[in-house]
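These notes concern the structure reproduced below.
The values are calculated or read from the model by the stated rules, or taken from the named source; none is laboratory data. Everything numeric in this text was worked out from a predicted model, so none of it was measured. FYI the Cβ positions are ideal-geometry reconstructions off the backbone, even for glycines, and counts take in every protein chain you see.
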Amino acid sequence: MTHPAPPLAALFELTHRCPLQCAYCSNPLALTPPAQELTTAQWQDAIRQLQALGVLQVHFSGGEPAARNDLETLVETAHRSDLYTNLITSGVTLKEARIDRLAGAGLDHIQLSIQDTDEAQADAMAGVKGALARKAAAARAIRAAGLPLTVNCVIQRRNVARVAAMIDWALEAGARRIEIAHVQYYGWAIPNRAALLPPREAVDRALAVIEDARERLKGIIAIDHVIPDYYAARPKACMGGWGRQFLVIDPAGDVLPCHAAKTIPDLRFDNVRQRDLASIWNEGEAFQRFRGTAWMPQPCRSCERKEVDWGGCRCQALKIAGNAAATDPACALSPAHARLQALAGVTDLAPSPLLYRRYI
Ligand code: SF4
Ligand code: FES
């Protein structure tokens, strides 16, 4: 059997614990309780296996990865294993001393997310008070520690008009890069979709602001932006293609081709407690299912983009087309594209109550 190339990167969802409750959180609706999280030694073992497999990067995420007291130990283990280490954090609990310890442990990069530049709106989206000021303080400490910083802005209908202010916030914070990402409709974002999805005109206006800023700020800050699937004509290569570049390990040790893969009901996932990562990646049932192009239906099978976007997102195909093995409805060639467009038309004109992420 020929094995696939090793993954480029692994995403560690260290925990589902988080001080925020964002209404668009991509974590599953049933969050893993702390008692079921992998131990320090189990995460360290996963890191060493990834090194042996030829992985280059590890992203520490969550929930809030800083909720794990052993974060420094895990960063140090990854650093000593020659892995590039990135921390994806809300920043609200990160104080100067901890950031210095993480830098000392060999952390290479931090991605700090903001909900909004309007404090009241930021609080409303995250379900907590005063998060933005704490994020600004964390950004200062990150830069003082000499760590490169990317600011992640998650765009939805309540903040889409403030894209320019978000770019200014990232500049002020000393970020080298800003990722302007529209909400992805998985996890908690699905029940909140009508309240979160911005209308097409607002997305177009934001796009013009971003294009202008890209020109103006060339060489000062890199601006990444992806059009939301609901207004696209072709899908993105979700996760760079299923089982091609990334693996995700969830807090309990299940190994997933993408963070939302557990929404696909008939997939069986292996766990790092029971099987080694090389064999999970090479032969695991969940990774094999949609790897490559052999599984593809028409129109993907005879499409010239099939090795560009790999048929798009399996989880979105399931959600919208009712079949994880269908063409992603974000593609205009998909028979279910009209369903996605119809959903895009269903946005709340008045602010509606948000369902917040919580342990249920
Ligand atoms: Fe991509 Fe399939 Fe659409 Fe072609 S038909 S663009 S491969 S999703
Ligand atoms: Fe699962 Fe796109 S989120 S394949």
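Whenever a residue of segment 99-126 is surrounded by 19 or more Cβ atoms within 10 Å (Cβ to Cβ), its partners that are aromatic (Phe, Trp, Tyr), lying with C-beta atoms within less than 6 angstrom and at least six residues away or across chains, give the pairs Thr117/Trp169. Taking the listed residues Lys319, Lys306, Lys262, the one that is within 16 Å of ligand 1 (Cβ to nearest atom), closer than 25 Å to Gly63 by Cα and among the charged types (D, E, K, R) is Lys319, with no other qualifying.
A search for C-beta distances below 7 Å between a residue of segment 284-305 that is closer than 19 Å to Ala330 by Cβ and among the charged types (D, E, K, R) and any residue that is in a loop (DSSP other than H, G, I, E, B) and within 15 Å of ligand 1 (Cβ to nearest atom), counting only pairs 6+ apart in sequence or on different chains, returns Arg305/Arg234.
Annotation: of all residues in segment 209-225 being of a type in the set (Asp, Glu) and without any contact (Cβ under 8 Å) to a residue 40 or more places away in the chain, the one that is surrounded by the fewest Cβ atoms within 10 Å (Cβ to Cβ) is Glu215.
The set of residues from segment 184-203 being closer than 10 Å to Tyr24 by Cβ and in a helix (DSSP H, G or I) comprises Gly187, Trp188, Ala189, Arg193, Ala195, Leu196. Tell me which residues, restricted to segment 274-283, are touching a residue at least 24 places away in the same chain (Cβ under 8 Å) and over 24 Å from the mean Cα position of the chain (by Cα). If the condition is that a residue be touching a residue at least 24 places away in the same chain (Cβ under 8 Å) and over 24 Å from the mean Cα position of the chain (by Cα), then Asp276, Glu283 are the ones that fit.
Restricting to segment 239-254, name every residue that is of a type in the set (Gly, Ala, Ser), surrounded by fewer than 20 Cβ atoms within 10 Å (Cβ to Cβ) and more than 22 Å from Ala66 (Cα to Cα). Hit for segment 239-254 is Gly240, nothing else. Every condition in (1) at pLDDT below 95; (2) surrounded by fewer than 16 Cβ atoms within 10 Å (Cβ to Cβ) holds for Thr40 except the one numbered (1). Scanning segment 115-134 for residues that are at pLDDT below 95 and either of a type in the set (A, V, I, L, M) or under 13 Å from Ala170 (Cβ atoms) (or both) yields a total of 9.
Considering (1) in a loop (DSSP other than H, G, I, E, B); (2) under 14 Å from the mean Cα position of the chain (by Cα), the lone condition that Phe12 does not fulfil carries the number (1). Would you call Arg205 within 30 Å of Arg143 (Cβ to Cβ), away from ligand 1 (no atom under 16 Å from the Cβ) and surrounded by fewer than 19 Cβ atoms within 10 Å (Cβ to Cβ)? Spelling it out, it is not the case that Arg205 is within 30 Å of Arg143 (Cβ to Cβ), away from ligand 1 (no atom under 16 Å from the Cβ) and surrounded by fewer than 19 Cβ atoms within 10 Å (Cβ to Cβ).
Filtered by the rule that a residue be touching a Leu at 6+ places or on another chain (Cβ under 6 Å) and more than 15 Å from Pro148 (Cα to Cα), segment 90-114 gives a lone residue, Ser90.
Looking across Lys236, Lys262, Lys319, one residue alone is touching a Cys at 6+ places or on another chain (Cβ under 8 Å), basic (Lys, Arg), within 12 Å of ligand 2 (Cβ to nearest atom) and in contact (Cβ under 8 Å) with a residue 24 or more places away in the chain. It is Lys236. When segment 135-154 is limited to residues that are of a type in the set (A, V, I, L, M) and farther than 10 Å from Ala175 by Cβ, the one that is surrounded by the most Cβ atoms within 10 Å (Cβ to Cβ) turns out to be Ala138. Look at Asp108 and say whether it is over 30 Å from Leu340 (Cβ atoms), at pLDDT below 95, under 21 Å from the mean Cα position of the chain (by Cα) and charged (D, E, K, R). When the stated conditions are applied, Asp108 does not pass them.
From (1) closer than 22 Å to Pro33 by Cβ; (2) of a type in the set (S, T, N, Q); (3) under 20 Å from the mean Cα position of the chain (by Cα), pick out the condition that doesn't hold for Gln245. Looking at each condition in turn, Gln245 falls short on (1). Applying the criterion of at least 2 residues that are at pLDDT below 95 and surrounded by 14 or more Cβ atoms within 10 Å (Cβ to Cβ) to the helices (runs of 4 or more DSSP H) found wholly in segment 255-360 leaves 337-344.
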